[in-house]
Amino acid sequence: MSSENITAFEEGKVLLFAKPLYWTSFDLVNKVRIMIRSSHGLKQIKVGHAGTLDPLATGLVILCTGKATKRVGEFRDLDKEYIAAIHLGETTPSYDLETVVSGSSPIEHITEEIVKSTLDGFIGEHSQMPPVHSAKMIKGKRAYEYARKGINAVLSPVLVFFREIELLEYDLPDIKVRIVCSKGTYIRSFARDLGIALGTSAYLSSLERTAIGPFLLKDAYSVENFENILKNVKQI
């Protein structure tokens, strides 16, 4: 294997990956780092991600290697596109399936037209409260660390922007929505807020990130595919 191929990752590559379900973004970084090191005989290689995804979410994550890790900030600032499945009429403390259902509300008054008009009302800038079960930093610790210990941490709202929201499927109590939004948006909080706006409760039942700016999930490597391609790095 030529030194040119070996140093390509050190000089810097931007790689698109499809994060598997239940993996953290750090799991993906560590796996890719280990694969590159072991296949190329490198003692060390920098690998960083340009924006996290929750373990229960799947989809696009941008990884940068070597000198390209200096570029992660520019990718974090890009808009994101998600496909969100939302369950209406019930809620959980984490606003997703990380925790068990803790309450329920009626949904008989909800129609498809009401959902569509309510979604339209979210377009534009909004003040959004992050979930208590999130990676938001509070006094040097993640918010979820406080939540898991039963500590009521004080979170501050953040300004987010919803550029596009489209109802893809309507089958009460479940709906599926395509969302294009600014960085820092919590789709779990969106699910909670949508439930409130509809006069009921809601939680996020599944989430897939399909785009980050111009980068698309359909162009991303799976972990297995990348491992196979590493056997011939000239293909990357």
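Some observations on this one:
- Dipole of the chain computed with +1 at Lys/Arg Cβ and -1 at Asp/Glu Cβ about the Cα centre; of Ser39, Leu97, Thr52, farthest Cα towards the positive end is Ser39.
- Unit charges on C-beta of K, R, D, E only; dipole of the chain, Debye: 1500 debye
- Helix content alone sets the calculated 222 nm mean residue ellipticity of the chain: runs of n ≥ 4 DSSP H residues at -39500 (n - 2.57) each, divided across all residues, give -7500 deg cm²/dmol.
- For the listed residue pairs Lys67/Lys176; Lys13/Lys80; Lys70/Lys231, the alpha carbons are over 31 angstrom apart in Lys67/Lys176.
- Reach of Lys183 by Cα under 18 Å, taken over aspartates and glutamates that are not fewer than 8 positions away in the same chain: Asp54, Glu74, Asp77, Asp79, Glu81, Glu125, Glu164, Asp193, Glu208
- Listed values for the stretch 85-98 are Karplus-derived 3J(HN,Hα) couplings in whole Hz (6.51 cos²θ - 1.76 cosθ + 1.60, θ = phi - 60°), namely 9, 10, 9, 9, x, 9, 9, 10, x, 9, 6, 8, 8, 5, and x replaces Gly and Pro.
- Put simply, the chain fits an ellipsoid with semi-axes of 36, 19, 16 Å; these come from the alpha carbon gyration tensor as the roots of five times its eigenvalues, largest first.
- Exposed loop sites here mean trypsin sites (Lys or Arg not before Pro) with a DSSP loop assignment and at most 10 other beta-carbon atoms within 10 Å; the chain contains its longest site-free run at 44-138.
- Sites Asp219 and Tyr170 - FRET efficiency at Förster radius 35 Å, r taken between beta-carbons, to 0.05: 0.75
- The Rg/Rh ratio for the stretch 1-139, using Cα coordinates for both the radius of gyration and the Kirkwood hydrodynamic radius, is 1.10.
- Comparing His40, His87, His109 in a Gaussian network model of the chain where C-alpha atoms under 10 Å apart are linked, the largest mean-square fluctuation is found at His109.
- Most mobile of Glu166, Glu113, Glu208 in a GNM of the chain (Cα contacts under 10 Å): Glu113
- Most mobile of Asp77, Asp171, Asp120 in a GNM of the chain (Cα contacts under 10 Å): Asp171
Taken together, the values in this text are just the output of simple stated rules run on the coordinates, not laboratory data. Small disclaimer: the values here were computed from a predicted structure and weren't measured. Neighbour counts are summed over all protein chains in view; Cβ atoms, including those assigned to glycine, are modelled from backbone coordinates with ideal geometry.
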